[in-house]
Every structure is written in structure tokens, then in C-alpha cells.
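Here's the structure we're looking at; comments come further down.
All of the numbers you see were taken from the coordinates with simple rules; none came from a lab. Keep in mind it's a predicted model, so treat the numbers as computed, not measured. Cβ coordinates were reconstructed from backbone atoms using ideal geometry, including for glycine residues, and neighbour counts include every protein chain displayed.
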Amino acid sequence: MSEHVAPRPPLTPAARRILEAASRLFYARGLHAVGVDTIAAEAGVTKKTLYDRFGSKEALEVAYLRARDARWEELLTGSLEAHPAAGVERVLAVFDAAERWSAAEGGRGCAAINARAEVDDPGHPVAVEVARQKAWVRDLLESECRGAGLGRPGELADALMLLYDGALAGSGTGVPTEPFRAARRAAAALCGAHGA
């Protein structure tokens, strides 16, 4: 996981079952639609065990988002390592990785965007976690644009972030049918316009 989050101690087997159950249920149904009774029953634990391991439903929601994000960052890091030299291919690798991620882990769009849509308060722990995750990707895009020698890397990263999030959101709707490929083509064109 990115350096902005302190590593958690290893999960107990019960905590792992809780997090796995919560992750499936939250992604499939949404945060508000899933109660702790349902999660505990799915995980084969008591509600007390759930609260003992995570403290609150809010904390479990954040743990769910962080666990998905850690898996995403691992996949993305592998994609970037396949392109060791700085350049546009590293920028575009973000879109390739997102397409692979969505095929394996998606189907209902971006878990972070979906979760953020359920909370109104920007200070809510879920909103704070989503903002952290999105800032990490945006900063990574800027760093890769800068490394590729592209002009106005901050401005370009903002536009690429919109393409990235749009593809993730589109992947949950089926419109367009290949959102990551469409976003990648647009990203390549933007990179070209910025000096690639």
C-alpha cells in the first residue's frame, strides 16, 4: 500500500474472514445496504468478534477500501515494472493495469467512487480514504508524465485522472463497451499533444 497509510498488524483468521465477507458484500451491494449482522453471518463470526477486530462498521468500510487499494497498487506496480524506462508507455500502463483490474476485480465500477457516493461529509473516514487513494493515483500520473518529459505534467495528470476515473465508472455501466481502451487512446493523444 502507498506510503501514506501505516501498515496494519496481520489480521487474525476471523478478521480476515470478516474483511473478505465485507469486501464481497460492500462491493456487490454498497456500504449502507449491508449491515454488520449480515457481514458477521457471512463470515461465520459473532457481531462481537466483528467489533472486537475492527471497532466499528466505519473502520471496516475503510479497511475494505484499503485492502482493495493494496491489491490494486500491487497490480499497478507490476505493470509499471514491465516498462522500466521512463516514457509514455509507463503513463499508458496505468490504463492497461486498470483494464486488467476491472476484468478480475470489477463489474460494478470503481469501489472507491461507489463508496464516496454514499457519504455526504468530506470529513467522513470513507471520504478521506477515497481522497487519499485518488490523490495517490493522480500524483503517480504526474510523476510519470514528468519522467516522460511531457509538458505541463500537473495539468496533464489532471486530465489523465479524469480519463482514468471515467473509464472506471464506465466499466460499471457497459458504456462505452471498452472504456479502458477508449481512455487509453485519449490518454495517448493527450500525451502526444504534450510533447510525446
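Summary table below
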item: Nonlocal amide H pairs with ALA148, under 5 Å, H built at 1.01 Å; result: GLY87
item: The chain: relative contact order in percent, alpha carbon pairs under 8 Å with at least 6 residues between; result: 21
item: Packing-based exposure ordering (other Cβ within 10 Å, fewest first) of SER56, SER143, SER23; result: SER56, SER143, SER23
item: Cα-based equivalent ellipsoid of the chain: semi-axis lengths in Å, sorted from largest, via gyration tensor; result: 33, 17, 14
item: Calculated FRET value between ALA14 and ARG185, using beta carbons and R₀ = 41 Å, to 0.05; result: 0.35
item: Over the chain: helical MRE at 222 nm, DSSP H runs n ≥ 4 each giving -39500 (n - 2.57), nearest 500; result: -23500 deg cm²/dmol
item: Between the stretch 93-124 and the stretch 37-91, the Cα center-to-center distance that results, in Å; result: 11
item: Cut-off of 10 Å, at most 16 other beta carbons, DSSP loop: longest stretch of the chain lacking such GluC sites (Glu not before Pro); result: 4-117
item: Rounded to whole Hz, the Karplus (6.51, -1.76, 1.60) HN-Hα couplings of the stretch 146-153, x for glycine and proline; result: 5, x, 7, x, 7, x, 6, x
item: Residue with peak Gaussian network fluctuation, the chain [Cα springs, cutoff 10 Å], from GLY151, GLY109, GLY170; result: GLY151
item: Neighbourhood charge, 10 Å Cβ-Cβ cut-off, centred on ALA14 and excluding it, Lys, Arg +1 and Asp, Glu -1; result: +2
item: Per-pair calculated FRET efficiency, R0 = 30 Å: GLU105 and LYS48 via Cβ, rounded to 0.05; result: 0.50
item: All aspartates and glutamates inside 13 Å of LYS48 as judged from Cα atoms, apart from same-chain residues fewer than 8 positions distant; result: ASP37
